[in-house]
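One structure is given here, and the rest of the page talks about it.
The values are calculated or read from the model by the stated rules, or taken from the named source; none is laboratory data. Only a predicted model underlies this, so the values are computations on that prediction, with no experimental measurement involved. As a convention, Cβ positions derive from the backbone with ideal geometry for all residues, glycine included, and neighbour counts pool all protein chains shown. The accessibility values were calculated without ligands, DNA or RNA, using every heavy atom of the protein model including side chains. Shrake-Rupley method; radii C 1.70, N 1.55, O 1.52, S 1.80 Å.
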Amino acid sequence: MKLDFSLPARQLNAVLKALWAVGNECVLQVSDRGIKIRMIDPSNAAMVVVDMAPATFISFDGEEGDIGIDIREVMEKTVTFDADTVLKASFDEYNKRLVVEGEGARYGIKTIALSSVRKVPDIPDLDLPLEVEIDANRFRQMTKRAGLVSDHITIGHNAEEEFFVSSESDMNNFRQGTIDHPITIIYKSDIATLYSLDMLEPMAKIISDTVNIRIGRDLPIIMSFVLENVDVTYLLAPRIEKASGEPDM
């Protein structure tokens, strides 16, 4: 197989951080249509999908094939470059290394066996009755505030507050709506679903510009956005409360 591309270090590091929010090992699915990455976390509760079309890169040349990488191993090297540095990357198939070059420096980073990477299912075709578009900074602030009260967050919609988030503990509670803030509601339904903030917050730190959010009752939340000209989608399973009161993902 063949993979040669160039892009700014800022862009590559942004993608690596988006992946790191979910896990540490992934497979680059390479073709002449670019690079696609689908990764699931060890608990099977969170997924990230990254789609890098050829137009995303300064230059791109790829042939069909898969490459397994350790995200932290690659990111430790790429963050040493200035953000505006144009990095050149290629796959050394003989030595099974991802080669990254820039500023006169060259890293040869060992790839990992594809068999060691968790298999990722296709994105489920979900009928999610609530879809909104909200400023990423606003949503990040809402989740951060919710996290000061509990490690779980309820996200939903109602007529009084429109889109809202809330959290509650034995001693405290928090709630914030968006009725007084700019938000686009594409289609709506009165819904409230519980999610784990431990898993949602790392994703919320990554989202940028305007994020498209879709949810359903006791169904995964899907967050789609553009990060440094790269399409990124996060999925997170809901946290379901058992009848006994014991929580379960």
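Taking the condition in contact with a helix residue (DSSP H, G or I) (Cβ under 9 Å, 6 or more places away or on another chain), open to solvent by 10 Å² or more (accessible area, probe 1.4 Å) and more than 22 Å from Ile222 (Cβ to Cβ), does Tyr107 pass? In short, yes. Only residues that are out of contact with any Pro (no Cβ under 7 Å at 6 or more places or on another chain), surrounded by fewer than 18 Cβ atoms within 10 Å (Cβ to Cβ) and under 24 Å from Glu168 (Cβ atoms): list them for the range 202-228, please. Selection gives Pro202, Lys205, Arg217. Of the strands (runs of 3 or more DSSP E) contained entirely in the range 146-204, those carrying at least 2 residues that are in contact (Cβ under 8 Å) with a residue 60 or more places away in the chain fall at 152-158, 191-196. The strands (runs of 3 or more DSSP E) found wholly in the range 3-114 and carrying at least 2 residues that are within 25 Å of Met199 (Cβ to Cβ) occupy 25-31, 34-40, 46-52, 65-70.
Scanning the range 82-99 for residues that are crowded, with 19+ Cβ neighbours inside 10 Å and more than 23 Å from the chain's Cα centre (by Cα) yields a count of 1.
Take the range 229-246 and flag every residue that is modelled with pLDDT of 85 or more and open to solvent by less than 60 Å² (accessible area, probe 1.4 Å). Within the range 229-246, Val230, Val232, Thr233, Tyr234, Leu235, Leu236, Ala237, Pro238 qualify. Of Val74, Val27, all but one fail to be over 16 Å from Glu228 (Cα atoms) and either open to solvent by less than 20 Å² (accessible area, probe 1.4 Å) or at pLDDT below 95 (or both); the exception is Val74.
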